[in-house]
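The values are calculated or read from the model by the stated rules, or taken from the named source; none is laboratory data. Quantities reported herein were computed from a predicted structural model and do not represent experimental measurements. As a convention, Cβ positions derive from the backbone with ideal geometry for all residues, glycine included, and neighbour counts pool all protein chains shown.
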Amino acid sequence: MKNLKTAFFAAAIALATFAPPAQAATFRLAFQGDLKSLDPYSLNETFTHGMLGNVYEGLTKRDKELKIIPGLAERWEVAEPTRWRFHLRKGVKFQNGEDFTADDVVFSADRARKPASDVKTRLPADVKVVKVDDHTVDFILSSPNPILHYEWDTWYILSKKWAEANGSAEPQPGAGQQQSYAALNANGTGPFVITEHQAGVKTIFKPNPKWWGKPEHNFEEVIFTTISNDATRVAALLSGDIDWADPIPLQDVERINASANAQVLQGPELRTIFLGFDQYRDELKYSNVKGKNPFKDVRVRKAFYLAIDENAIADKVMRKAATPSALMISPLLFPLSKDFPRPKADPAEAKKLLTEAGYPNGFEVTMDCPNDRYVNDEAICQAVTAMLARVGIKINLLAQPKAKYFAKILVSGGYDTSFYLLGWTPGSFDSWNILANMYRCRDEKGVGGNNNVGNYCKPQIEEMTNKILVESDTAKRDQLIKTAYDITQNQDWAYIPLHQQALAWGVSKKVKVVQRADNQILFYWFRKE
Amino acid sequence: MLAFIIRRLLQSVVVMLTVSLIAFTLFRFVGDPINQMVGIETTAEERAQLREQLGLNDSVPVQFSRFVANAARLNFGNSYQFKTPVIDLIKDRFPATMELAFASALFALLVGIPMGVYTAIDRYAILSNVFLSISLIGISLPTFLIGILLIFLFPVTLGVLPSFGRGEVVRLGFWSTGFLTASGLKALVLPAITLGLFQMTLIMRLVRGEMMEVLRADYIKFARARGLSNRAINFGHALKNTLVPVMTITGLQLGSIIAFALITESVFQWPGMGLLFLKAVQNVDIPIMSAYLLLVAFIFVTINLIVDMLYAVVDPRIRIDTKVA
């Protein structure tokens, strides 16, 4: 008996000695939302794109500073303004062993534009994708487009053979009854493979030994879990059950920074939070002003702008985790942003403007606000309500969960709002996206500037937007954009940009991460001690 | 007995139809599912197309009858967010909820009954007062608060027990169990206590009350006069007679443990059906919501049916009544 025990002990010690060195690590991360589908074309959402960016790759990639770099395409050139040639990387294999070729690119371009795809905007609808040889592809455009490839880092390339063999040649249509293979399985070319995926519970990533690049991470396993409850997510981070958590509620930042295990990494995000007005109805739907629309008067819009003290919001409501913004785009994405200082709050001037406009006693209007979408969204709206009350504007605040809020104010609800708070990130990281979505005229069905909720509309801006789309000279293009912003913001006061909210990642002190401003979680750049 | 069961089964069908009808009418007010399914840049036409495909443009009666017809064949459609059949998702989550419910019911019984007996017998002991104070906490604090407090006490401050999730699970056919791994068992402790605390309190108070009643009864006095040992009296005679109401309550509470596990599940990120439902509400995932509500109604109805039948088994008077009827 005693001998047996000794032998057992010896065996245990031997095992312990021969265990591999603790170099390779398991990285555990938790996000508030689910990784809903593994099909990279089924949901156009930053989080999904980021997670799948560890498995799938596009022709281009973006580096740690968001600069466009080669991905599955080694290089490319604009042969003619309407013909782009992409030279594909050779020797790249999909995770199931198939070779990556031009056929896959042509196939992916078609698939991305299928009816059920949510990433149709990645490619112009009429672009022709032509295979020149196995490793060369031409994109033939109907008009020049200098930002053709700006969003291609999240237009991921799927294997044609794999998708067709598994009945996933098209993204899963919304109404389908059958299981979609591509929604539950992944086959990319990227640094990680997905070995287990339980939708809404847990996803396990392992390094891809066949990856063409050189890994910077030291993970042997990455485990993603959803933790939707804020308090639980923070507790899991503090107790060391997870290494990374996002988002961290602002009120927990100090507590985490004071803890032994973890810290909060805050950085500027690209999303701009702003207020918008209904500028097209002849009478506001939700106001006590009858027979006319006060927001059609530029003086009223300017008065609203000047009445709101954004610095106070950034300081108090956002606890400094926000950068006040003069434009509808983040300064990281537009080099001439520095020419636009943010006008200071001036309630006296605001009051004067309101009086000039014929509202000496102010008026009443309902404000639509989400309460679970952006950081402290409802609190921002409450602060705005209080600030506008100082100049005599009575805001009836209607704060609702995002599911109801978006259904009301966006096209599906018939743009049913008079005054609202919204956030916007330009998917292409470029001003054209802002102009096209926020400043182009639209009709009732949303054709045109689909997300121009208040329908700010000016033919001059329309023309400039079209010019900006095709202008290939960067300096000229930037000047055009600057003029457009000058008109819309400084003359027309079309929107009230508030701030860019800060990212707040909770990170274990053992982990080194790269926090990119677009909040994509690319853990192939992370390391754990 | 057979007539009784058939009558109850018919009633159950009516209950379930009513539940699904109410649920279905409510779905009109939770928001637009399309917004949760597509990115913000999706155009109006594409959204309209999707609405048409999903049949959201049909009238409520049409949608409802389609749903009932499909549900009768156990076809609940595809989840809007996960793009997989709802029935698969629920099958996947079902074991997690059931194991949690089972563990907390077990906890409630194994701790609640002895505590009840003890506080009934040694009414003035200090420990009795401690137990009663604990039971006050269990009754008065809301579940999510208890969960958060436990998380901050054990995983965060003391560094023991996991703060979320289910640990490692073992797959046994269609069932995934956390009972067979150390991490699975550890992960079960806090959620089971959180979920079971209220039931435990209830059972303890119930047992205590019943025991005190029974201990005053004549036959207990006779038993004492006969010189039976305390143990034989307390456990052999008194406790046995208190168990009928305890059984009823436990049975009925099992239903609510399963149905209301969703709060505990969301605090501990327990991958069960309740959490699935909660997320579905946020994302307006109508197929999941309707399937879940129907399932919960089904569980309640079944448990009630079983309890009713057990009554008949345990209590001969009910049996005789039904025979006469």
(message) Suppose the filter is among the aliphatic types (A, V, I, L, M) and within 14 Å of chain B (Cβ to nearest Cβ); does A:L88 pass it?
(response) no
(request) Taking the residues in region B:143-157 that are crowded, with 17+ Cβ neighbours inside 10 Å and more than 9 Å from chain A (Cβ to nearest Cβ) as candidates, determine which candidate is nearest to the chain's Cα centre (by Cα). (result) B:T143
(request) Check B:R28, B:R8 and return the single one that is among the basic types (K, R), closer than 16 Å to A:S412 by Cβ and at pLDDT below 85. (result) B:R28
(message) Any residue that is under 24 Å from the mean Cα position of the chain (by Cα), without any contact (Cβ under 8 Å) to a residue 24 or more places away in the chain and crowded, with 19+ Cβ neighbours inside 10 Å - is there at least one of those in region B:228-244?
(response) no
(request) Among residues belonging to region B:25-38 that are part of a helix (DSSP H, G or I) and crowded, with 16+ Cβ neighbours inside 10 Å, point out the one that is farthest from the other protein chains (Cβ to nearest Cβ). (result) B:F27
(message) Looking only at residues that are at the interface with chain A (Cβ under 7 Å from one of its Cβ atoms) and basic (K, R) in region B:39-84, which one is surrounded by the fewest Cβ atoms within 10 Å (Cβ to Cβ)?
(response) B:R47
(message) I need a count of the residues in region A:291-334 that are assigned to a loop (DSSP other than H, G, I, E, B), among the polar types (S, T, N, Q) and more than 22 Å from the chain's Cα centre (by Cα).
(response) 1
(request) Among the residues of region A:205-230, count how many are buried (at least 17 other Cβ atoms within 10 Å of the Cβ) and either of a type in the set (D, E, K, R) or within 14 Å of another protein chain (Cβ to nearest Cβ) (or both). (result) 7
(request) Could you tell me which residue of region A:139-176 is modelled with the highest pLDDT, considering only residues that are within 14 Å of another protein chain (Cβ to nearest Cβ) and touching a Gly at 6+ places or on another chain (Cβ under 6 Å)? (result) A:W155
(request) Run B:L195 past the list (1) within 11 Å of chain A (Cβ to nearest Cβ); (2) assigned to a helix (DSSP H, G or I) and report the number of the one that doesn't hold. (result) (1)
(request) Being outside any loop (DSSP other than H, G, I, E, B) and within 14 Å of chain B (Cβ to nearest Cβ) is the filter here, so list the residues in region A:95-138 that pass it. (result) A:A112, A:K120, A:T121, A:R122
(request) Could you pull out the residue among A:Q515, A:Q520, A:Q460, A:Q501 that is closer than 30 Å to A:V300 by Cα and either out of contact with any Lys or Arg (no Cβ under 8 Å at 6 or more places or on another chain) or of a type in the set (V, I, T) (or both)? (result) A:Q460
(request) Output the qualifying pairs, or none if there are none: Cβ atoms under 8 angstrom, residues six or more apart or on different chains, first residue in region A:28-41 and in contact (Cβ under 8 Å) with a residue 40 or more places away in the chain, second residue assigned to a strand (DSSP E or B) and small (G, A, S). (result) A:L29/A:A245; A:A30/A:A245; A:F31/A:A245
(request) May I ask you to verify whether A:L421 is crowded, with 23+ Cβ neighbours inside 10 Å and modelled with pLDDT of 95 or more? (result) yes
(request) Among what's in region B:158-192 and is of a type in the set (F, W, Y) and over 26 Å from A:Q32 (Cβ atoms), pick the residue that is farthest from the other protein chains (Cβ to nearest Cβ). (result) B:F179
(request) Among the helices (runs of 4 or more DSSP H) lying completely within region B:211-301, list those that include at least 2 residues that are within 14 Å of chain A (Cβ to nearest Cβ) and modelled with pLDDT of 90 or more. (result) B:240-267, B:273-282
